[in-house]
Each structure stands twice: as structure tokens, then as C-alpha cells.
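The block underneath contains the structure these notes are about, expressed in C-alpha cells.
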Amino acid sequence: MHIHHEQLELRTNRKGLYEITHEVQSKIDRRGLLNGIVTVFVQHTSCSIVIMENADLSARHDLEEFFDRLVPEDADYFTHGSEGSDDMPSHIRMVLTRTSETIPIVDGRMQLGTWQGIFLFEHRRGSHHRKILITTIGERQ
Amino acid sequence: MHIHHEQLELRTNRKGLYEITHEVQSKIDRRGLLNGIVTVFVQHTSCSIVIMENADLSARHDLEEFFDRLVPEDADYFTHGSEGSDDMPSHIRMVLTRTSETIPIVDGRMQLGTWQGIFLFEHRRGSHHRKILITTIGERQ
Amino acid sequence: MHIHHEQLELRTNRKGLYEITHEVQSKIDRRGLLNGIVTVFVQHTSCSIVIMENADLSARHDLEEFFDRLVPEDADYFTHGSEGSDDMPSHIRMVLTRTSETIPIVDGRMQLGTWQGIFLFEHRRGSHHRKILITTIGERQ
């Protein structure tokens with residue numbers, strides 16, 4: 001039984017979904033993990049990790065539109081605004097989604113369904129450097 | 001230390017909550033796992049896995065009503081509609097809830113609280129065949 | 001490879017966020033776990049575990065305000081009300097957030113980002129006794 005951690009780094013430059021499925025699978029491949037789980041954990045409070053439909057760009061667009069309406073930047077009761085109008089909404093959007101996902105691994109492959117992809121969901125407008133920790137637990141070949 | 005995966009399959013025929021607590025515990029029993037964790041992972045992007053109050057049907061009803069209002073089918077800005085008006089809302093409802101739950105196991109039993117049950121939360125109206133992967137990690141007897 | 005469970009108990013007396021980061025790290029320290037993961041699981045359906053910005057109290061305040069508006073106590077379609085008007089909203093707020101968080105451990109420390117804290121998010125107004133199970137999996141020194 002082996003435990004291993006690897007860092008994945010990502011540069012974002014707008015709100016929205018950034019697919020990282022291949023990057024995560026490639027870390028698993030490099031370690032030769034055959035059977036176990038992987039936890040994908042993002043070390044920030046203004047972006048999320050989500051599993052989402054990965055086939056159709058229009059689905060991602062509609063998801064982003066929904067979140068912009070559910071958590072608007074100009075809510076008149078927000079008091080936490082020193083880092084810009086997209087800062088407080090980013091924390092709320094993170095709490096409404098997820099900081100990590102855990103995915104089973106069988107025969108060396110993540111057991112994602114046909115349309116499932118792993119995404120960083122960026123909630124801030126500017127340029128950001130995001131750190132993701134990928135932890136595998138299981139049996140190697 | 002053992003890792004084991006088992007598939008659970010479920011037929012749904014309406015939106016709403018389907019309890020799977022007993023099915024998950026019975027997979028754990030069959031493997032004889034005494035001490036560890038179980039991850040319940042659903043391989044779809046239009047339904048979720050959630051832990052929810054399992055005693056009172058009215059709580060489930062109100063939860064379903066809430067989600068129908070939070071993510072209505074007829075939002076005028078949706079562009080992803082080729083699979084029907086309940087398709088885009090199903091992806092949003094999935095992102096707002098969870099794709100997996102991880103539950104501790106002690107003395108062979110999931111350590112759920114008194115009122116906690118594990119549910120598949122179906123977000124589509126028609127008939128669907130849902131696949132759930134149940135991964136146990138831990139010590140056997 | 002070791003698996004260990006420890007209980008953390010907490011008394012709450014109002015809706016809102018209660019930080020438990022230090023309590024979780026101190027359970028990890030006591031077991032001498034060096035490398036692995038920790039799962040923090042709350043055994044209730046009317047409060048949540050979330051990772052949230054831990055530096056600024058105004059961010060927590062705004063998050064609580066957002067949830068009070070997103071899931072109001074007086075929705076006219078709620079039927080599940082026997083335990084008080086904050087009961088049904090508490091289940092919905094729990095489903096919209098998380099029942100557990102899983103965090104990587106490296107060199108004995110949880111790999112939280114600079115601003116990430118672990119919180120119990122209480123959704124009920126009265127006094128409540130909350131039970132949290134902390135499960136560590138990994139290698140000891």
C-alpha cells in the first residue's frame with residue numbers, strides 16, 4: 001500500500017471551468033498506481049474543484065451564468081470587499097461547490113463516467129496561480 | 001490493508017431522492033471490512049450522491065421543491081438544451097451537491113449519525129440506469 | 001499503514017461558522033501520523049463541515065447572510081416544520097454544502113492553503129451538541 005502526493009499548478013486568467021482530467025491521470029500513470037483512490041484538493045478559498053459534464057462547452061457556459069446570477073458581485077449586504085467585488089462571491093461559490101473530489105482507481109484508470117471531467121472552477125476575474133494537491137492511496141504494479 | 005471496489009446499479013424513473021444506505025452497508029458486510037473508510041461515487045453528471053435526513057418523507061419533498069425553484073428548467077439564458085429542459089438544470093444541481101461521499105467504518109458499520117442516510121439524488125425526469133462505485137479501504141477481520 | 005478514528009465534540013449555540021482547524025491538527029499530532037489523508041465527517045443532517053477563508057470575520061458574516069437569504073425560514077411551500085422553522089432550511093443548507101472534507105497530510109501537517117480553515121457550519125439557532133469523526137489513514141513516524 002502506497003501513499004503519494006504530487007502538486008499540480010495552474011495559471012487562470014478569467015472566471016470559469018478549466019479541465020484538469022488528463023493532468024490528474026498523468027500523475028497517476030507516473031506513479032504506476034493500479035488500484036485505489038485519488039483525492040484532488042485545491043489549496044485556495046476562491047476557487048473550487050468540481051466534476052462536471054466535459055463534452056459540451058455550452059453546458060459549462062450555462063453553469064457559469066447560473067453562478068453569476070446566484071451569487072452576484074453587487075449584493076448590497078456584503079461587507080467583505082477590500083480585495084474587489086469578485087472576492088466575497090468567490091468564497092460563497094467555493095462553499096456551494098467543493099474543495100476536493102475523491103475518485104476510485106481500477107487497473108490504473110480513474111473510474112470517471114463517460115461524460116465526467118475534473119475541473120478547477122475559478123471564481124475570480126484576474127490572473128491567479130492555483131495550487132492543487134493530488135494524493136493517491138493504493139497498490140502499485 | 002485492503003482496497004476493494006464494487007458496483008451498485010440503480011434504475012430511477014423520476015426526479016428525487018433514492019435511499020441506498022442498506023445497499024452500501026451490505027457491500028461492506030460482504031467484504032468483511034472492519035475498520036476504514038468507504039467512498040460512494042456516482043459515475044454521472046446529471047445525478048448526485050448526498051447524505052440527507054432519512055426519517056421523514058416531508059423533508060425529502062421540501063428539498064426537492066427547493067431545488068426545483070433554485071434551478072428552474074425554463075431559465076431564459078440556458079443555451080445547452082438539446083437533451084431536454086431538465087438536462088442543463090441537472091448538471092447545475094449536481095455541481096451544487098456532491099458526486100461522492102466518504103464515510104468512516106468502525107467495527108464493520110458505517111458511522112452515520114442517527115438521522116443520516118445515503119441517497120442517490122436523481123435530477124432527471126425520465127427513466128435512467130445509474131452506476132455507483134463503492135470503494136472500501138481498510139482492515140478486514 | 002494505519003487507520004485511526006477519533007471523536008471531536010462541540011457545543012454550538014447559534015447559526016454560523018465555528019473553526020475546528022487546530023482541534024483536527026491536534027488529533028493528527030497525537031497519533032503521530034506523518035503522511036496520508038484525514039477525513040473530517042459530521043454525524044448530523046442540520047450542520048455541515050466546510051473549508052472557508054479563516055482570516056477575516058467579515059467574510060464569515062457575509063457567508064452566513066447569503067445562506068439566510070438563499071434558504072429562508074419562511075418559504076411558503078415547506079411542509080416539514082415540526083421541529084421549528086430553522087429545521088427544514090438546516091437540511092437544505094447541509095445538502096448545499098458538505099458533510100465531510102478530506103485533506104492531505106504531509107510531514108505531519110494538513111496541507112491547507114494559507115487562508116483555508118476547517119469549520120463546522122451550524123444551521124440551527126438553539127444549543128446543540130455536535131459529534132465529528134476524524135479518520136486518519138497513512139504512515140506513522
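The values are calculated or read from the model by the stated rules, or taken from the named source; none is laboratory data. Keep in mind that what you see is a predicted model, and the values were worked out from it rather than measured. All Cβ positions, even for glycine, are placed from backbone atoms using ideal geometry, and neighbour counts span all protein chains on display.
Would you pick out the residues in the range B:108-127 that are more than 25 Å from residue A:95 (Cβ to Cβ) and either away from chain C (no Cβ under 14 Å) or of a type in the set (Gly, Ala, Ser) (or both)?
B:108, B:124, B:125, B:126, B:127
Just to be sure I understand, how many residues within the range A:44-55 are of a type outside the set (A, V, I, L, M, F, W, C), in contact with a Ser or Thr (Cβ under 8 Å, 6 or more places away or on another chain) and at the interface with another protein chain (Cβ under 7 Å from one of its Cβ atoms)? Give the derivation first.
Going residue by residue through the range A:44-55, those that are of a type outside the set (A, V, I, L, M, F, W, C) are A:44-46, A:48, A:53-54.
Those left that are additionally in contact with a Ser or Thr (Cβ under 8 Å, 6 or more places away or on another chain): A:45-46, A:48, A:53-54.
If we keep only those that are at the interface with another protein chain (Cβ under 7 Å from one of its Cβ atoms) as well, we get A:45, A:53.
Qualifying residue count, the range A:44-55: 2.
If residue B:17 satisfies every condition in (1) within 30 Å of residue A:58 (Cβ to Cβ); (2) out of contact with any Leu (no Cβ under 8 Å at 6 or more places or on another chain); (3) not polar (S, T, N, Q) but one, which is the exception?
Of (1) within 30 Å of residue A:58 (Cβ to Cβ); (2) out of contact with any Leu (no Cβ under 8 Å at 6 or more places or on another chain); (3) not polar (S, T, N, Q), only one is false for residue B:17: (2).
Give me a count of the residues in the range C:78-110 that are under 25 Å from residue A:137 (Cβ atoms) and small (Gly, Ala, Ser).
2
Can you name every residue in the range B:24-36 that is at positive phi and away from chain A (no Cβ under 13 Å)? Steps first, please.
First pass over the range B:24-36, keeping only residues at positive phi: B:32, B:36.
B:32, the sole residue that qualifies.
Across the range C:63-107, which residue is farthest from the chain's Cα centre (by Cα) among those that are among the aliphatic types (A, V, I, L, M) and more than 9 Å from chain B (Cβ to nearest Cβ)?
Of the residues in the range C:63-107, the ones among the aliphatic types (A, V, I, L, M) are C:63, C:70-71, C:75, C:88, C:92, C:94-96, C:103, C:105-106.
Next, from what is left, pick out any that are more than 9 Å from chain B (Cβ to nearest Cβ): C:63, C:103, C:105-106.
On the way: C:63: 14, C:103: 13, C:105: 18, C:106: 21 Å.
Ranking the candidates gives C:106 first.
Is at least one residue of the range C:118-134 closer than 21 Å to residue A:132 by Cα and of a type in the set (Gly, Ala, Ser)?
Going through the range C:118-134, the residues closer than 21 Å to residue A:132 by Cα turn out to be C:118-119.
Subset that is of a type in the set (Gly, Ala, Ser): none.
Checked the range C:118-134: no residue is closer than 21 Å to residue A:132 by Cα and of a type in the set (Gly, Ala, Ser).
Scan the range C:127-139 and give yes if some residue there is assigned to a loop (DSSP other than H, G, I, E, B) and at pLDDT 95 or above, otherwise no.
Going residue by residue through the range C:127-139, those that are assigned to a loop (DSSP other than H, G, I, E, B) are C:127.
Next, from what is left, pick out any that are at pLDDT 95 or above: C:127.
Scanning the range C:127-139, I find at least one residue that is assigned to a loop (DSSP other than H, G, I, E, B) and at pLDDT 95 or above, so the answer is yes.
Within the range B:28-43, does at least one residue satisfy the condition of being of a type in the set (Asp, Glu) and within 24 Å of residue B:96 (Cα to Cα)? First the steps, then the outcome.
Taking the range B:28-43 first, the residues of a type in the set (Asp, Glu) are B:29.
From what's left, within 24 Å of residue B:96 (Cα to Cα): none.
No; the residues of the range B:28-43 include none that is of a type in the set (Asp, Glu) and within 24 Å of residue B:96 (Cα to Cα).
Report, by residue number, each residue of the range B:1-23 that is more than 14 Å from chain A (Cβ to nearest Cβ), outside any strand (DSSP E or B) and within 22 Å of residue B:104 (Cα to Cα). Working first, answer last.
Of the residues in the range B:1-23, the ones more than 14 Å from chain A (Cβ to nearest Cβ) are B:11-23.
Filter once more, keeping what is outside any strand (DSSP E or B): B:13-15, B:20-23.
Of everything in the range B:1-23, those that are more than 14 Å from chain A (Cβ to nearest Cβ), outside any strand (DSSP E or B) and within 22 Å of residue B:104 (Cα to Cα) turn out to be B:20, B:21, B:22, B:23.
One line per residue, one yes/no per condition, for (1) more than 28 Å from residue B:89 (Cβ to Cβ); (2) not hydroxyl-bearing (Ser, Thr, Tyr):
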position: A:46; (1), (2): no, no
position: A:52; (1), (2): no, yes
position: A:57; (1), (2): no, yes
position: A:66; (1), (2): no, yes
position: A:73; (1), (2): no, yes
position: A:80; (1), (2): yes, yes
position: A:97; (1), (2): no, no
position: A:138; (1), (2): yes, yes
position: A:141; (1), (2): yes, yes
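Check residue B:134 against each of (1) within 13 Å of chain C (Cβ to nearest Cβ); (2) surrounded by 17 or more Cβ atoms within 10 Å (Cβ to Cβ) and name the one condition it does not meet.
With respect to (1) within 13 Å of chain C (Cβ to nearest Cβ); (2) surrounded by 17 or more Cβ atoms within 10 Å (Cβ to Cβ), residue B:134 is out only on (1).
Listed residues B:69, B:109, B:93; which is of a type in the set (D, E, K, R), more than 13 Å from residue B:18 (Cβ to Cβ) and in contact with a strand residue (DSSP E or B) (Cβ under 9 Å, 6 or more places away or on another chain)?
B:93
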